[in-house]
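Novice: Once you've had a glance at the structure underneath, I'll fire off some questions.
The values are calculated or read from the model by the stated rules, or taken from the named source; none is laboratory data. Bear in mind that the values here come from a model prediction, so they are computed numbers and not experimental data. Cβ sites come from the backbone with ideal geometry, for glycine too, and all protein chains shown count toward neighbours. The area values use the complete protein model at the heavy-atom level, side chains included, leaving out ligands, DNA and RNA. Shrake-Rupley method; radii C 1.70, N 1.55, O 1.52, S 1.80 Å.
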Amino acid sequence: MSRVQKAIAVLAGDGIGPEVTRAAVSVLEECASALGHRFDFIALPFGGIAIDRCGEPLPAETLDACRKADAVLLGAVGGAKWDSQPLNRRPEAGLLGLRKELGLYINVRPVKLLGALRAMCPVRLDEGETIDMEIVRELAGGIYFGPRQSSGSNGDEIASDMEVYSAKEIERVALYAFRRAAARSKRLASIDKANVLASSGLWRRTVERTAKGFPEVKLDSLYVDNAALQLVLRPAQFDVMLTSNMFGDILSDEAAALAGSIGLIPSMSLGNGTALYEPIHGSAPQLAGKNSANPIGAILCAAMLLRESFGLPREAMAVEKAVEHTLAAGFRTPDIVRGGSRMIGCSEMAAQIRAAVAESAMETEKYGWGV
Ligand code: IPM
Ligand code: MG
């Protein structure tokens, strides 16, 4: 078995960020010690906590360490304390700055309904149907980064944000989505609002042109309003979904609800350098410090990191299996609790998953990775 040695920058951030990140780190530590890998964790200030400590949400030393690391693990940013700050000095600006600086233009959000949580799905699924999709969200452009203006006088205020995309920006993320679809069920749904927006017209034309290089992938272009409807009506129809920055932000929260809780969904951001992994749930300030957050989104980030950045697919699978095993045993954080299941806190959930990883690692040592 090949042992790896890697450095992981850990940006725990605000709200429940520190609790869920601690959980993910503890699972990675278990993988490392059980299987002989070495992971060095470098904790760095980021988000609101960095504003308080260093005067800015993305300190230069944090960015620098992220560039040098083999992967970045991020918790969440934001909270009421910083809500009155101007947009460019809020914790969220640090997150957008980090995505931009690291050149992270692809964001993958896998939304999978786990077997043990099937009853948590709020929509009806036919027998044999499930939800297992990936949203590929453009992450470095669009309205998040377009020109913005605010002006006001005589009692009226005007503010604008501009959605801007170039064909090249669309094509590079589309290429990734087509490759991802080609490796899965060969279906890609591209989301736009081409009946109204010029930027969406360019989006659709560019995606359709890119499709010519992937004759094996079936492309469907959908308007975003229809996509929102279809997601609730028949989520099983979707496999890989390609979206702009803004549409992906919205549709991924909707899709997460279908999997039982937004606390379960990880994400991976890729670009020109270091990849970044963050759960999509945000800082959830109302849960912070109560040990009741769901760490599974963050723990599944650790699994994605092992597979995609460190080339350790079996370790990744061991973590994913440990999550499923723990849920199947009936353990639940409050967001996914149901009659008959056992409610536990964030740290207990992490400990259960960690123990399940240790157990499968022990079997691996004894019998090899098996099939
Ligand atoms: C997400 C979040 C962020 C986004 C916020 C916190 C800036 O909602 O990652 O989905 O809008 O991208
Ligand atoms: Mg969001």
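Novice: Tell me, which helices (runs of 4 or more DSSP H) wholly within segment 1-114 include 1 or more residues that are at pLDDT below 95?
Specialist: 17-35
Novice: Continuing with the same structure: I'm checking my understanding of the structure. Among residues of segment 254-311 that are part of a helix (DSSP H, G or I) and among the β-branched types (V, I, T), which one is farthest from ligand 2 (Cβ to nearest atom)?
Specialist: The extreme case among them is I299.
Novice: Tell me yes or no: at least one residue of segment 107-117 is crowded, with 16+ Cβ neighbours inside 10 Å and in contact with a Cys (Cβ under 7 Å, 6 or more places away or on another chain).
Specialist: Checked segment 107-117: at least one residue is crowded, with 16+ Cβ neighbours inside 10 Å and in contact with a Cys (Cβ under 7 Å, 6 or more places away or on another chain).
Novice: Considering only segment 220-262, state which residues are hydroxyl-bearing (S, T, Y) and open to solvent by 50 Å² or more (accessible area, probe 1.4 Å).
Specialist: Of everything in segment 220-262, just one residue is hydroxyl-bearing (S, T, Y) and open to solvent by 50 Å² or more (accessible area, probe 1.4 Å), namely Y223.
Novice: Residue check: is V72 in contact with a strand residue (DSSP E or B) (Cβ under 9 Å, 6 or more places away or on another chain), closer than 25 Å to A7 by Cβ, among the hydrophobic types (A, V, I, L, M, F, W, C) and not assigned by TED's automatic domain parsing to the domain that holds L242?
Specialist: yes
Novice: Further question on the same structure: Taking Q230 and the conditions (1) under 21 Å from the mean Cα position of the chain (by Cα); (2) not assigned by TED's automatic domain parsing to the domain that holds A71, which numbered condition does it fall short on, given that it satisfies the others?
Specialist: (1)
Novice: Which residue out of E363, E359, E315, E324 is closer than 21 Å to V111 by Cβ and either among the small types (G, A, S) or assigned to a helix (DSSP H, G or I) (or both)?
Specialist: None of the others qualify; the one that does is E324.
Novice: Tell me the residue from P279, P285, P266 that is at negative phi, open to solvent by 60 Å² or more (accessible area, probe 1.4 Å) and within 16 Å of ligand 1 (Cβ to nearest atom), please.
Specialist: P285
Novice: On to the next question. Spot the failing condition for G128; the list is (1) part of a helix (DSSP H, G or I); (2) farther than 18 Å from A257 by Cβ, and only one is missed.
Specialist: (1)
Novice: A follow-up question, please. Pairs needed: first member in segment 176-192, modelled with pLDDT of 95 or more and of a type in the set (S, T, Y); second member anywhere, crowded, with 18+ Cβ neighbours inside 10 Å and part of a helix (DSSP H, G or I); C-beta distance under 8 Å; at least 6 residues apart or different chains.
Specialist: Pairs found: S190/A174; S190/A177; S190/W203; S190/R204; S190/V207.
Novice: Residues in segment 192-216 that are closer than 17 Å to V240 by Cβ and either assigned to a loop (DSSP other than H, G, I, E, B) or open to solvent by less than 70 Å² (accessible area, probe 1.4 Å) (or both): how many?
Specialist: Matching residues across segment 192-216 total 11.
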